[in-house]
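This report concerns only the one structure given below.
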Amino acid sequence: MTKTKERQHHSTFSNIFYFIGLLFKISPTLVIGEFIMGILTTLPTRLISVIGLKYIVDVVESGENLENIFYAVVLIAVILVGSKLFAWIFQEFFWNMAKEKVYYGLNKILYEKAKQLDLESYDDPEFYNSFILTIESSSDNITNLLGLVRNYVGNLISFFTIAGVMLTIDPVCLLIILTFIGIFLPLSRKRGALQMARRRDNTEYHRRSDYFQRIFYLQDYAKEVRINDIHPLLIERYNDAADDVIANQKRYHKKISAVAFLQDAGIQDLGFMFALPLYLGYCVLVKESLGAGDFVAAFNGAYSIAASINFLTVWAVAIFSERGKMIEKYREFLKSDFKIKDGEKVAPCGKPEEIRIENLSFTYPGNDKPTLKNINLTIKPYEKIALVGYNGAGKTTLTNLMLRLYDVSGGSISIGAEDIRNVTAKSHRDRFSAVFQDFQLFACSAGENVALDEKFDEEKVKTALKNSGFEKDLKKGVFTELLREFDDEGRMLSGGESQKVAIARAFYKNCPYIILDEPSANLDPIAEYNLNQAMIEAAEQKTVIFISHRLSTTVNADRIYVMENGEIIESGSHEELMKMNGTYAYMFNLQAEKYKDNK
Amino acid sequence: MRRPPRDPNLKVPVFKNIIYALKLVWQNDKRLLIGYMINGFSANIFMLYIQNILFLKVLLGILDKGSSFESYLRTLVVFLVLSVSLMGVSCFTSYIVSASTKNVLKKLNNRIFSKAITLDVECYENPEFYDKYQRATNVLAWSYYDFVCSCVSNIVSAIVSLALVIGTVTAINPVYLLFLAPVFLVFIIESFKSKQVYKRDLEMTTNNRIKAYTQRTVFLKDFSKDMRTSNIFSVLMQRFKAAIDSNVEILRKYGLKLFIFSTVSSLFSEFIPIIGTYAYAAYQFVYTNTLTVSGFSVVLSSINAVRESTMNIARNFDMLVGSALYFQNLRDFFEYEPKITSGDKMPEKFESLEFRNVTFRYPSAEKNTLENISFKIDKGETFALVGVNGAGKSTLIKLLLRFYDVTNGEILYNGINIKEYNLDAYRNSFGAVFQDYRNFAISVYENVVCHECSDEEKAIAEKALRQSGIWKKIASLPKGADTVLTREFDKNGIGLSGGENQKVSAARLFAKDFEFAVLDEPSSALDPIAEYKMYENLIEVTKNKTVLYISHRLSSAVLSDKIIVIGGGRVLEEGSHSELMAKDGKYKEMFTLQASSYNNEKEETEND
């Protein structure tokens, strides 16, 4: 695969505005509220510490109209209390709730899109990583951007206000402040770059040390570590990685500390603690052009301006560009196109029809070699078809194609007279019930797990569970929650029981076709036998395609397809294949040998 | 680093645990604690007191007095030298701290590792212990050890700076202390508030878990197929929406309470101090004329310093309380005495193994998992354990390997109770392949021989890999068996499939000089032909050795010398394949079921 350089289609600002626009659409009041909050949280305190103070000092120095001080104090009190009360009201009665709603709104858009994603997208690591990042960052995007709006507005306004005040006191003060900031602030860029490089390198080393750490922290490896004398080696590897982390820390922090020293000593010490007071002192003592009030105001104003500029240039830019990248991913994701396109027709979901696969070939994206080639087969209504073969022969891939989780690279699959690409993906898949090898239970009720729908027929679920051999007593029957994902009372099931629940889905769903991938892998012999019996009865009116390693289960199939290296190498009924004495017969005999010898 | 969540329901002594934490760090690297102390003082005392208050006070004092510009300049230079050198010290300490924090991490991890391998397997399977153990390891994973140092140094230095500020204000006019005093009430209000926040967050836990779960089901490949072929997505979205709605309700419910707490907190920490100071200063300016401009500015800056120091102490103290629990758990972990203790006998060459009236009940279980199990295995025998899912087969193996000790009865190795043997030596005399086998992200060779290996050992490993049927695949890799397994952190590593991994795991057994092999479903991930070959090789390698294995596929039991059928925790039947087939019991029933389809004879099987 060619390594594509990360391209950004939109500018950072375009992305930020896009996202704020999105937030605005979901909750306009939230965005407007953030603007007001931005102004109210920064400006009042800074204004009081600069203008309020200066005014009072000036009045005192002049000695006239002293009672005006009281009016000033009342004004300060009103501004302070008013802004704070507004902030708390906004925070506790509005902001928290609005954030939940925005989270829902944004994620809903995202999830709806993700659900339609082509399955092959999951196999493309580059896409997949950015997909995960997109989803995982959506909550941070909201919080960060709202905070950014708030602080950006606040700092921008307070910067201009305070700078204006400084100008009226003495433009030279402002000049001194801006000069020092101008000289030393760009070092932040260097500092940020070093920190990023350090983090990047550390991630690499940490991944190693964390891995070995996990072996000792987690339960998974407990038995293996105890029975084999492998821990000295693992500890040694951990220590190597940990030493690399330490060396990396030292290497970068030497530089980071030096830059930090230069910058902080430059702005804070040389600028604000020396140059500015030097000039102010000169004006007060020698030139006598400024009073004590100006001195204090300029002194406090310097810190306020520094804080604003630091935020506006260093912080905001860093967060902007980081979030900009995330939002870019979000935007691109929502725009991404699917390969599996809906056909125009709606597939019927009635009686089974003939499934015909012609000259099918399939290559996974990014692979050179085809996983399937030259597949031709016809499945008649009501037939029970078995797919057998070694691991990696392409059996699961073939069923994935039938479900149109992927589209064929060549050839076609049709049901009845219709190519499956001519119907909508949903209506096509609706006529199948599929139990995958890597089936999953969901943290929902037992009934929902069987029906895979929020509405279900209680009796039908019970029958389906009975047919699949599920015998566990459930406290609340089909309404019992499964898994402990978020219900501590949830029912945990063993591998075998879980598989039975998954199989019950096939019994439940009202559809003409069933696909079963290794349905009995987790079951013991008795359960496996019972399952086979139940399946034969329940699926009488359906077409069934199943994959199995255990050839004992394939004996009763109407037809067996043996696959090897992506091709069908043998097909026929059990008897025919045994007579043929090929791969199937070889495999079957291997497994049957022990049973036969001892009969 | 993340803030330790504070759970008021889990109370542990704070002071004792923090002292323990500090000692732990001190023992491992003194520089970390010293470094944080210096940084704390530099931030709290220099920045907050010297720079913001003392500096302003001195300068305004000079201006007030109308001294010469020269003496003003001299003062500035003194402050410049002082502040630049302090800045230098603080930057240097940051550098020291950054390396020594990782050094402490490494040393503490080594301590945890060596303790972890002595832990009973039971601990891992006991949710309560495991929770605590996870919290103990979070001290490292989330850098709480680092956190505690920084919190303590912050608190100590903030207290000192608070004292300095109060001293300064008192010197100007003690009345102002009246307005500053309410700031300290923040401690109490904030603790009430954080209790409410905690309660609120607790109510939202389930909803937040649902939110996280929905997210996971959407992006994990595991769920992708079911999601596309069924209607489950709408079920999940509905739950997601309900969780959000319920969160909004909860937030609304707590809104008023939190608003009141926040407002009261602002009243004491901002409204009273700031407005009070301004008002009293105004009074002084207008009526008593006892306040200088410089005094006024210093008092105003002091309010800020007092607020910041107090908040700083409150915040850091809160975090210390939160982290105390984690250190308590770490300490408990270090002090945990394993129940499975080592004896001192070294195991001799294997002769026999006997389970005598063994009964076993998992801790806190209500029923016995195994009941009165007795059987004997002699040298060279092949033994199969057979039974339905959940019959107790894997438990029996855990007892044999002393992952658990029996509740009643005894297990004898060469006629001696296995508790009398040296634990490591005893376990090491077994070769085992587990159902939940694991491989490690080290080279294939190392995975097989379990340490860095010489050329001689490489030859042994190669043979073992051949026997397990994976050598051809491994040899075809550019770096052969020196390739690291998994792509966890090595781009040139190799990700193997389930079956292939199982083969590497089996090779570990083949390479080991064992007396007794324990095989727990060693072929579950293999296709029929690979399974057949695996068994052939197992028979080959274990020739003349003793083997105990568990398998669902009874075809493999046929070859064993003796079969034990377990059901409901008891031995149901025992004997060779032909003996058991003659008996007409459970074994026959199971075997006939499996065989029926292979033999292609329609047999009548009674199901009872």
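The values are calculated or read from the model by the stated rules, or taken from the named source; none is laboratory data. Predicted model, so just to flag it, every value in this text is computed and none were measured. Note that each Cβ is placed from the backbone with ideal geometry, even for glycine, and that neighbours are counted across all protein chains shown.
Values computed for the structure shown
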item: Positions within region B:308-349 being hydroxyl-bearing (Ser, Thr, Tyr) and either in a helix (DSSP H, G or I) or on the phi > 0 side of the Ramachandran plot (or both), in sequence order; result: B:SER309, B:THR310, B:SER323, B:TYR326
item: Every residue from region B:67-105 that is touching an Asp or Glu at 6+ places or on another chain (Cβ under 7 Å), facing another protein chain (nearest Cβ under 7 Å) and within 30 Å of A:ASN202 (Cβ to Cβ); result: B:MET87, B:ASN103
item: Residue that is nearest to B:ILE250 (Cα to Cα), among those in region A:64-84 that are more than 7 Å from every other protein chain (Cβ to nearest Cβ) and surrounded by 16 or more Cβ atoms within 10 Å (Cβ to Cβ); result: A:SER83
item: Scope region A:423-477; condition assigned by TED's automatic domain parsing to the domain that holds A:ILE526, surrounded by fewer than 18 Cβ atoms within 10 Å (Cβ to Cβ) and either assigned to a helix (DSSP H, G or I) or more than 31 Å from the chain's Cα centre (by Cα) (or both); matching residues; result: A:LYS426, A:SER427
item: Search result, residues across region A:238-250 that are surrounded by 15 or more Cβ atoms within 10 Å (Cβ to Cβ) and more than 7 Å from every other protein chain (Cβ to nearest Cβ); result: A:ALA241, A:ASP243, A:ASP244, A:ASN248
item: Test: residue in region A:101-108 that is surrounded by fewer than 19 Cβ atoms within 10 Å (Cβ to Cβ), more than 9 Å from every other protein chain (Cβ to nearest Cβ), of a type in the set (A, V, I, L, M, F, W, C) and assigned to a helix (DSSP H, G or I); result: no
item: Qualifying residue in region A:326-334 (condition: within 12 Å of chain B (Cβ to nearest Cβ) and either assigned to a helix (DSSP H, G or I) or surrounded by fewer than 20 Cβ atoms within 10 Å (Cβ to Cβ) (or both)); result: yes
item: Any hit, region A:508-525, residues being over 38 Å from the mean Cα position of the chain (by Cα) and either in contact (Cβ under 8 Å) with a residue 24 or more places away in the chain or not in a helix (DSSP H, G or I) (or both); result: no
item: Conditions (1) in the same structural domain as B:THR483 (by TED's automatic domain parsing); (2) β-branched (Val, Ile, Thr); (3) part of a strand (DSSP E or B); number of the one not met by B:VAL448; result: (3)
item: Residue within region A:47-60 that is over 23 Å from A:SER304 (Cα atoms), of a type in the set (S, T, N, Q) and touching a helix residue (DSSP H, G or I) at 6+ places or on another chain (Cβ under 7 Å) present; result: no
item: Residue identified as in contact (Cβ under 8 Å) with a residue 60 or more places away in the chain, under 22 Å from the mean Cα position of the chain (by Cα), in a helix (DSSP H, G or I) and farther than 30 Å from B:ARG239 by Cα among B:ILE166, B:ILE189, B:ILE159, B:ILE112; result: B:ILE112
item: Some residue of region A:550-570 being of a type in the set (S, T, N, Q) and farther than 29 Å from B:MET581 by Cβ; result: yes
item: Filter result (at the interface with chain A (Cβ under 9 Å from one of its Cβ atoms), in a helix (DSSP H, G or I) and either surrounded by fewer than 19 Cβ atoms within 10 Å (Cβ to Cβ) or in contact (Cβ under 8 Å) with a residue 60 or more places away in the chain (or both)) within region B:116-130; result: B:VAL121, B:CYS123, B:GLU125, B:TYR130
item: Members of region A:80-96 that are in contact with a Gly (Cβ under 8 Å, 6 or more places away or on another chain) and under 14 Å from A:THR29 (Cα atoms); result: A:PHE90, A:PHE93, A:PHE94, A:TRP95, A:ASN96
item: Condition check for A:GLY281: at the interface with chain B (Cβ under 7 Å from one of its Cβ atoms) and modelled with pLDDT of 90 or more; result: yes
item: Selected residue (criterion: farthest from the chain's Cα centre (by Cα)) from residues of region A:173-231 that are surrounded by 19 or more Cβ atoms within 10 Å (Cβ to Cβ), farther than 28 Å from A:ARG251 by Cβ and more than 8 Å from chain B (Cβ to nearest Cβ); result: A:CYS173
item: Residues of region B:218-244 satisfying the condition of being within 8 Å of chain A (Cβ to nearest Cβ), at pLDDT 85 or above and farther than 21 Å from A:ALA506 by Cα; result: B:VAL218, B:MET237, B:GLN238, B:ARG239, B:PHE240, B:LYS241, B:ILE244
item: Number of the exception - A:SER289 against (1) crowded, with 17+ Cβ neighbours inside 10 Å; (2) among the small types (Gly, Ala, Ser); (3) at pLDDT 85 or above; result: (1)
item: Check on B:THR137, farther than 23 Å from A:LYS250 by Cα, within 7 Å of another protein chain (Cβ to nearest Cβ) and in contact (Cβ under 8 Å) with a residue 12 or more places away in the chain; result: yes
item: Any hit, region A:485-501, residues being of a type outside the set (Gly, Ala, Ser), more than 24 Å from B:ARG228 (Cα to Cα), more than 34 Å from the chain's Cα centre (by Cα) and modelled with pLDDT under 90; result: no
item: Matching residues, region B:328-373, being of a type in the set (Phe, Trp, Tyr) and within 15 Å of B:TYR130 (Cα to Cα); result: B:PHE333, B:PHE334, B:TYR336
item: Single condition A:SER409 does not satisfy, out of (1) under 29 Å from the mean Cα position of the chain (by Cα); (2) surrounded by fewer than 20 Cβ atoms within 10 Å (Cβ to Cβ); result: (1)
item: Residue check for B:ILE62: at the interface with chain A (Cβ under 9 Å from one of its Cβ atoms) and touching a helix residue (DSSP H, G or I) at 6+ places or on another chain (Cβ under 6 Å); result: yes
item: Considering residues of region B:285-307 that are of a type outside the set (A, V, I, L, M, F, W, C) and surrounded by 19 or more Cβ atoms within 10 Å (Cβ to Cβ) only, the residue farthest from B:LEU180 (Cα to Cα); result: B:SER294
item: Leading residue by the ranking (modelled with the highest pLDDT) among those in region A:22-46 that are touching a helix residue (DSSP H, G or I) at 6+ places or on another chain (Cβ under 7 Å) and charged (D, E, K, R); result: A:GLU34
item: Yes/no for B:VAL148 being within 14 Å of another protein chain (Cβ to nearest Cβ), buried (at least 24 other Cβ atoms within 10 Å of the Cβ) and under 21 Å from the mean Cα position of the chain (by Cα); result: no
item: Residue in region B:453-472 that is within 14 Å of chain A (Cβ to nearest Cβ), at pLDDT 90 or above, over 22 Å from B:GLU521 (Cα atoms) and part of a loop (DSSP other than H, G, I, E, B) present; result: no
